[in-house]
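**Student:** If you scroll down you'll find the structure; I have some questions about it.
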Amino acid sequence: MKKYIKHEKITKDMRIILASESLLRGKALEILGLKFEKIPSHIDEDAIQDKDNRKRVRMLAEAKAAEIARREKGAIIISGDLITIVEGKVLEKPKDIEEAVQMFKFFSGKEMEIIAGLCVLNTETKKILSISDSYKVKWRTLNEEEIRDYCRRYPVTKFAAAFEGDALLRFGESSNGPYPFLTGLPMKQLIEFLRANGIKI
């Protein structure tokens, strides 16, 4: 059986579960001082579709939280999802490194919209937060050597559009929107919900 990363619980009676294996989302919760477990969800993301990208990203985050809630009780479940759009095209996870390289070449020097969905579910009270937010980033013009270096060193096939937020620090030229998207989670709303549900931050 696969081992999950476990952290000491922050309260005696309420667990916090991150429904994701994302390193950046995990880092975001660690920055907040939260003690949590990582239990990734197993949903069919391709089965969840909607023409409205902001709605779809919320639906994906909700589906992930609901899937974990069916298995885990007495917990606050945090889930998220990202959709990246360039020139009207939604960029999914690449099939292999070469496709990831081609994605980087495609959005090199262009503006990208990043839409983040967040769902936080208290399995005891049934209180739920489900939101989406977006921002735009302008990528600098990238050369093939640095693209291939990134694709060799990171698990790009696990990321939508072949990157996670840390790539913005290396390749981003400018941005228009909240900095916390570098974590993959809308942090302000997450903090407010957790405090309203008795979690000290």
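Nothing in this text is a laboratory measurement; each read-out follows from the coordinates by a stated rule. All values derive from a computational prediction rather than experimental measurement. Reconstructed Cβ throughout: ideal geometry from the backbone, glycine too, with neighbour counts over all protein chains shown.
**Student:** Could you size up the charge dipole of segment 15-196 around its Cα centre, putting +1 on the beta carbon of Lys and Arg and -1 on that of Asp and Glu, and report it in debye to the nearest 20? If you can, show how the numbers build up before the last one.
**Tutor:** On the way: 31 positive and 29 negative charges, 122 e Å.
The calculation lands at about 580 debye.
**Student:** Taking 0.36 nm per residue of sequence separation and subtracting the Cα-Cα distance, how much length would be gained by fully extending the chain between residue 152 and residue 96, in nm to one decimal?
**Tutor:** Details: separation 56, 0.36 × 56 = 20.16 nm, distance 1.10 nm.
Full extension of this stretch gives 19.1 nm more.
**Student:** Each label point is 7 Å from the Cα along the Cα-to-Cβ direction; what then is the distance between the points at residue 138 and residue 27, in nm?
**Tutor:** Placing both labels 7 Å beyond Cα along the Cβ direction yields 2.5 nm.
**Student:** With n ≥ 4 as the cut-off for DSSP H runs, can you work out [θ] at 222 nm for the chain, using -39500 (n - 2.57) per run divided by the number of residues, rounded to the nearest 500?
**Tutor:** -9500 deg cm²/dmol
**Student:** Of 160, 97, 177, which is farthest along the charge dipole of segment 39-183 in the positive direction, counting Lys and Arg as +1 and Asp and Glu as -1 at C-beta?
**Tutor:** Toward the positive end, the furthest listed residue is 177.
**Student:** While we're on this one: Please state the relative contact order of the chain as a whole percent: Cα pairs under 8 Å, 6+ residues apart? Walk me through the numbers on the way to the answer.
**Tutor:** On the way: 386 pairs, mean separation 42.8, N = 201.
Reported relative contact order: 21 percent.
**Student:** Let me ask something else. Calculate the length of the line joining the C-alpha centroid of segment 103-159 to that of segment 32-56, in whole Å.
**Tutor:** Between the Cα centres of segment 103-159 and segment 32-56 lies a distance of 13 Å.
**Student:** Taking 45 Å as R0, compute the FRET efficiency from the Cβ-Cβ separation of residue 196 and residue 46 and round it to 0.05. All intermediate terms of the calculation are to be shown ahead of the outcome.
**Tutor:** Values: r = 34 Å, r/R0 = 0.75.
Efficiency, rounded to the nearest 0.05: 0.85.
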